[in-house]
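J.: Below is a structure I'd like to ask you about.
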Amino acid sequence: MKNYIKFMAWWCSSFDLKDGVTRMFVYVWLAVLGSLLFGHADHWLIGLLCAIVIELVCSTIAYKYERFKDQQKDNG
């Protein structure tokens, strides 16, 4: 049992919320758990979809900004 607990602690420590894919899984799990615990799956689904759309928009803007900075560095 100690090895299992150590494994779970090691596995959870490898999560990085800076990664967009990890955040998407967190959003999905929050929506699933929220709908199981509190009901009203429609509300949780709408919240999940809004979180994913906001995540995609922010990730796209951050990616474009990084490309812009790289292009400015190359030109300057």
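J.: Filtering segment 1-42 down to residues that are charged (D, E, K, R) and over 21 Å from residue 63 (Cβ atoms), which residue is surrounded by the fewest Cβ atoms within 10 Å (Cβ to Cβ)?
T.: 2
J.: I would also like to ask the following. For segment 33-76, how many residues meet the condition of being out of contact with any helix residue (DSSP H, G or I) (no Cβ under 6 Å at 6 or more places or on another chain) and more than 20 Å from residue 22 (Cα to Cα)?
T.: 20
J.: Still on this structure: Checking residue 45 against (1) under 30 Å from residue 63 (Cα atoms); (2) surrounded by 10 or more Cβ atoms within 10 Å (Cβ to Cβ); (3) at pLDDT below 85, which test does it fail?
T.: With (1) under 30 Å from residue 63 (Cα atoms); (2) surrounded by 10 or more Cβ atoms within 10 Å (Cβ to Cβ); (3) at pLDDT below 85 applied to residue 45, the lone miss is (3).
The values are calculated or read from the model by the stated rules, or taken from the named source; none is laboratory data. Worth saying up front: this structure is predicted, and the values here are computed from it rather than measured. Quick reminder, even Gly has a Cβ in these numbers, built from the backbone with ideal geometry, and neighbours come from all protein chains shown.
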